[in-house]
Amino acid sequence: MQSARRELLHHRWRTFRANRRGFISFVLLTLIFLTSLFAEIIANDKPVFVSYKGRWLFPFAVSYAENTTFGGTLESEADYTDPWTISEINAHGYAIWPPIRFSYRTINFNIERAPSPPDGANLLGTDDQGRDVLARALYGTRTSLSFALLLVSISSVIGVTLGALQGYYGGTLDLLM
């Protein structure tokens, strides 16, 4: 019994892999979704890791106050785009930055006008408010695909349940549905 199920599963997998375009699409969609799950590590205006005066900090995941962490005057969260904060980190340690130095909401004030074309800092350019398009696409992909997977899961549960009820009771219930 168990080997028959396993053989059926292997047969279905081989059939799916034989459909080249479908399998390549599945692999690409999976890679894109997995990449978007790590959006905070790939695109963020905060460092992924900071070594400051012997302490290990992870600003992309935890908020650190400027006055208690870096010796500043503000009680608010440290602004890692501020030149003072950057120089303080560089003077007493180092920071590892994400590949894209902008979050989905970060405005790039170093551009002449918005929207701007692609350049070294903004690989896909900026939108009409000066925000990085690649970072926004990465975060948006995560939201869209998560919602799509949730919607498909819920629809499948409802569809299978209603189909099972129709198949079991049949008759009038089958006609009504």
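Observations, loosely collected:
- Extension gain, Leu149 to Thr73: 0.36 nm times the residue separation minus the Cα-Cα distance gives 22.8 nm.
- Of Gly93, Gly163, Gly22, the one that fluctuates the most in a GNM where the chain has Cα springs shorter than 10 Å: Gly163
- Accessible heavy-atom area order of Tyr169, Tyr64, Tyr104, highest first, probe of 1.4 Å: Tyr169, Tyr104, Tyr64
- Portion, in percent, of the accessible area of region 1-152 that falls on carbon or sulfur, probe 1.4 Å: 62 percent
- This model, with +1 at the C-beta of Lys and Arg and -1 at the C-beta of Asp and Glu, gives region 7-91 a dipole about its Cα centre of some 1020 debye.
- Rolling a 1.4 Å probe across the protein heavy atoms gives region 82-126 an accessible surface of 66 Å² per residue.
- Each of Leu165 and Val62 was given a label point 7 Å from its Cα along the Cα-to-Cβ line. The distance between the two points is 5.0 nm.
- In the chain, taking the dipole from charged Cβ atoms about the Cα centre, the farthest positive-side position among Tyr169, Asn108, Phe147 is held by Tyr169.
- Top of Arg105, Arg55, Arg12 by mean-square fluctuation, Gaussian network on the chain, Cα under 10 Å: Arg12
- When you restrict to C-alpha pairs under 8 Å that are six or more residues apart and normalise by the size of region 1-154, the relative contact order lands at 20 percent.
- Antiparallel DSSP beta bridges within the chain, as percent of all bridges there, nearest 5: 90 percent
- Cα Rg, Dmax (largest Cα-Cα span) when computed across region 59-122, Å: 13.8, 39
- Value of [θ]222 nm, deg cm²/dmol, for the chain, DSSP H segments ≥ 4, -39500 (n - 2.57) each, nearest 500: -17500 deg cm²/dmol
- Distribution of pairwise C-alpha distances over region 1-118, 5 Å bins, in %: 2, 9, 13, 15, 12, 9, 8, 6, 6, 6, 6, 5, 3, 1, 0
- Karplus (6.51, -1.76, 1.60) ³J(HN,Hα), θ = phi - 60°, over region 53-67, in Hz, Gly and Pro reported as x: 6, x, 9, 9, 10, 10, x, 5, 10, 10, 8, 10, 6, 5, 6
- Per-pair calculated FRET efficiency, R0 = 25 Å: Leu123 and Tyr94 via Cβ, rounded to 0.05: 0.55
- Once C-alpha pairs closer than 8 Å and six or more residues apart are averaged by separation and normalised to the residue number of region 66-177, the relative contact order reads 14 percent.
- Note on the chain: with charges restricted to the Cβ of Lys and Arg (+1) and Asp and Glu (-1), its dipole about the Cα centre is near 1220 debye.
- Stokes-Einstein translational diffusion, region 52-160 - Kirkwood Rh over all Cα pairs, 0.692 mPa s, 37 °C, in µm²/s: 196 µm²/s
- Between 0 and 90°, nearest 10: helix 133-169 axis offset from the chain longest Cα axis: 20 degrees
The values are calculated or read from the model by the stated rules, or taken from the named source; none is laboratory data. All of these numbers come straight from a predicted model, not from anything done at the bench. Heads up, the Cβs are rebuilt from the backbone with ideal geometry, glycines too, and the neighbour counts pull from every protein chain shown. Protein only, heavy atoms only, side chains kept; ligands, DNA and RNA dropped before computing areas. Shrake-Rupley method; radii C 1.70, N 1.55, O 1.52, S 1.80 Å.
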